[in-house]
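First comes the structure, then the notes that go with it.
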Amino acid sequence: MANRYAFSPDSAPSRMGISGSSALSNVYLWGGVLIAIIVLFVGGWIYFCCRRKLYTTLLRLCVKQKGELNAEKMKLRQFRFEDLQKATRNFSQDCLVGSGAFGNVYLGTFDVEGTLAIKKPNVESYTSTEEFRNEVRLLSKVKHRNLVQLVGFCEESGPKTAKILVYEYVTNGSLLDYIIGRGGRSLTWRQRVNIAIGAAKGLAHLHEDVNPSIIHRDIKPSNILIGEEFEAKVSDFGLVRSGPVGDQSHVSSQVKGTPGYLDPAYCSSFHLTPFTDVYSFGVILLQLVSARPALESTRNHTNLHIIDWARPSIERGNIEEILDANLLIEGCNMEMMMKMGQLGLRCVIKEPKKRPTMTQVWQELEDDLYSMDNFLPKKHRKMDSKRLKGISSQSIGHQNHPSITDQDYSQSINVSVDGIKLQRFRVDLDGLSIQSGSLRCLETSESIEDDFSFPR
């Protein structure tokens, strides 16, 4: 009996073999499970990444497809950053033609498009990518002879983050250059009227022909460019804002713009309307007549506004008291200048709703110019020398002047520079200064306008 339960050496290896085999099987089993988990995890991660990448790619393709449709319809082009670098020699200072608080403008030369204006904003100019995209969408709706045309844009992320707008190139500089006489530039009275009409038509298009309407918010001489045929082109849409829609009378907005051209009603109420642009344009009309800064400091006045300076003379009917000296020298239609000055004062009436619309502005200017050319007698009228204070009566002649056509009539004046020795001076809008040896009391170094202009 005892032998039946005795330990058998021969049987031990077989039992131990079974036990070892079972353990090894468990190791393989768990190893396989672990490997399967790892494979599933890696596979799932790869699948997730691929799916996300695919989704992102598809999303980009959809956005791109939508952008391409808009670009094709509005004739926009999406530029690569490398293309812009090449066109501007890596944004060289030699290509820099304008700068301001928003950023810089460079002259770019392309093989197909030719010469274009490249507006490269500062890093802080856009608070988000969506803000940049909204501006592109907004500007893509704008197409008018008197508005600077958006040609394309560049949007890239990563190391070469870029949000750049590309505009048509305008050859003859800005209205500011002519008002201050930069480089000896000047405008005839007829050119001034036509520029006012063109700029008003461009703004009227923004206000009335685009849905929703667009308010510029920064109308000033440096933002009105002069084309090849001396047509006006409104530019720099960095502060544009969609206007009221439906039954809205206004949109609420933070005050943005340039001192001297800002509508006081907008500043006090934060209510933005198209009449905000009308006020700024009224200031420009007064500047076209007088070639004076919007604001200037003198010995007796601090920041004297052109409205307060010009109003008394216009209301008395003495437009020659505020007339640009170049117009006195070259000859001009005094009645047309008076009408433009009076219209300027109507545009800056304190109550916005009493101001004319931009359509009414350009229509009135066109009607006045047409009347001057076709209905009034074509003869020069003598002007009382008392109305030209400080100018010798011997300086006013009635002979024909080379700059006056047979249509320049009514109160057209010919002034002999040698006869009156009229001192010409330079009005600097950027520095708010009038430089003259005998007018030092008007000098000031205060600067209130960022001269951000497109290529000249």
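Every read-out reported here was derived from the displayed coordinates using simple, explicitly stated rules and does not represent laboratory data. Just so we're clear, the structure is a prediction, and the values are computed from it rather than from any experiment. Please note: Cβ atoms are built from the backbone with ideal geometry, for glycine as well, and neighbour counts cover all protein chains shown.
The Cα atoms of the stretch 78-168 define a convex hull whose projected area, averaged across directions, is 6.1 nm². Amide hydrogen proximity for SER99: with H placed 1.01 Å from N in the peptide plane, the residues at 5 or more positions away or on another chain lying under 5 Å are VAL105, SER453. Peptides 190-201, 120-131 ranked from most to least packed, by the mean per-residue count of other Cβ atoms within 10 Å: 190-201, 120-131. Annotation: the residues SER290, SER186, SER235, sorted from fewest to most other C-beta atoms within 10 Å of their own C-beta, follow the order SER186, SER290, SER235. Residues THR273, THR188, THR161, ranked from the fewest to the most other C-beta atoms within 10 Å, line up as THR161, THR188, THR273. Checking the Cα-Cα distances for LYS86/LYS120; LYS120/LYS143; LYS163/LYS256; LYS120/LYS201; LYS143/LYS354 against a 26 Å cut-off, the pairs over it are LYS120/LYS201; LYS143/LYS354. Each peptide in 321-329, 86-94, 104-112 receives the mean, over its residues, of other Cβ atoms within 10 Å, and ordering these scores from highest gives 321-329, 104-112, 86-94. Counting every other Cβ atom within 10 Å of each residue's Cβ, ARG311, ARG217 order from fewest to most as ARG311, ARG217.
Need one word for the stretch 140-180: rounded, prolate or oblate. Basis is the Cα gyration tensor (sqrt eigenvalues a ≥ b ≥ c); a/c below 1.5 gives rounded, then a/b vs b/c decides. Oblate, because a/c is 1.5 or more while a/b does not exceed b/c.
Residues whose amide H lies under 5 Å from that of SER213, counting only those 5 or more places away or on a different chain, are GLY243; hydrogens are built 1.01 Å from N in the peptide plane. Computed from label points 7 Å out along Cα-Cβ, the spacing between ARG316 and ARG185 is 3.3 nm. When a/c reaches 1.5 or more, the comparison of a/b and b/c decides; with that in mind, is the stretch 308-366 rounded, prolate or oblate per its Cα gyration tensor? In terms of gyration-tensor shape, oblate.
Residue by residue, the stretch 215-223 carries 3J(HN,Hα) couplings of 10, 6, 6, 9, 7, 7, x, 5, 9 Hz when phi is fed to the Karplus relation 6.51 cos²θ - 1.76 cosθ + 1.60 (θ = phi - 60°); x denotes Gly or Pro.
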